[in-house]
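Readers should treat all values here as calculations from the given coordinates under stated rules, not as data from a laboratory. All figures in this text were calculated on a predicted structure; none of them were measured in a lab. Counting neighbours? That spans all protein chains shown, and the Cβs are built from the backbone with ideal geometry, glycine included.
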Amino acid sequence: MDSDPFPTGFFARTDSGGDATFYSWPRLVTHIDDQAIAVVGALYEELGISGDVLDLMGSWVSHFRTPPARLTVLGMNAEELGENAAAAVTVVHDLNADPCLPFPDASFDAVVCCVSVDYLTAPVEVFAQVARVLRPGAPFVCTFSNRCFPTKAVRGWLYASDEERGAIVRTYFRVSAGFGASQFQRCTPPALAGDPLYAVWAYRSTADAPGADT
Ligand SMILES: C[S@@+](CC[C@H](N)C(=O)[O-])C[C@H]1O[C@@H](n2cnc3c(N)ncnc32)[C@H](O)[C@@H]1O
């Protein structure tokens, strides 16, 4: 991995209490508007997300137009996960308490993470784990908007612009060293009212091609 490019305090949070407490009650709500949700589904379709898929930091909806053949959803609240009709498997796991993913190497065709990457306090470790559980050449797609639970988002995210947030996620990909070059895209048109939707994605490096992103 590269040397740490994040300043001291970047991953501090206003609510430094355990995530298990914050997420102990179910929030059966949507965190972005319908338009942004539709854009997430369209992006997954465009990128061909299918097969064995992991929805990281998931809840009761995973936003696929057509659910993948076998969807595993990992999140914090069992009741939310139990309501996810697309999920074949659900796993309660606190990535801030333990960034190790409880899955074997090369077990997924894709990993997605929707409007949640801002809550990770050890994102580089988590991204390295995502690379481990992905099959070579498989994508990891992170989407985000401009909304969050501010007490739980990391400080570096809260003080960044949307464009800077794209750069932050690209840095997570690069420093984790498990991926090829990442792409950042604004998926909703700038003039459109409502929640903006941005995506950063990259593909798991193949065994003989080390992750590279300039
Ligand atoms: C804003 S919600 C987004 C949920 C879902 N991805 C969606 O698109 O609606 C944030 C999600 O991140 C998950 N989360 C937050 N902190 C987490 C942690 N430490 N480990 C694992 N998941 C976490 C929560 O379970 C919650 O479902």
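Of Cys113, Cys187, the sequence from fewest to most neighbouring Cβ atoms within 10 angstrom is Cys187, Cys113. Normalising by residue count, the chain has a Cα convex hull of 114 Å³ per residue. What residue among Ala106, Ile32, Gln185 has its Cα farthest toward the positive end of the dipole of the chain, where the charges are +1 on Lys, Arg and -1 on Asp, Glu, each on the Cβ? Value computed over the given set: Gln185. If you take every DSSP beta bridge fully contained in the chain, what fraction is antiparallel? Give it as a percent rounded to 5. For the chain, the DSSP antiparallel bridge percentage is about 40. In the chain, helical runs assigned H by DSSP with n ≥ 4 each contribute -39500 (n - 2.57); averaged across all residues and rounded to the nearest 500, the mean residue ellipticity at 222 nm is -7000 deg cm²/dmol. Dipole magnitude of segment 30-203 about its Cα centre, charges +1 at Lys/Arg Cβ and -1 at Asp/Glu Cβ only, in debye to the nearest 20? The calculated dipole for segment 30-203 is roughly 420 debye.
Per-residue Cβ neighbour counts within 10 Å put Leu134, Leu81 in the sequence Leu81, Leu134, beginning with the fewest.
How would Leu197, Leu43 line up from fewest to most surrounding beta-carbon atoms within 10 angstrom?
Values: Leu197 26, Leu43 20.
Least crowded to most crowded, the residues run Leu43, Leu197.
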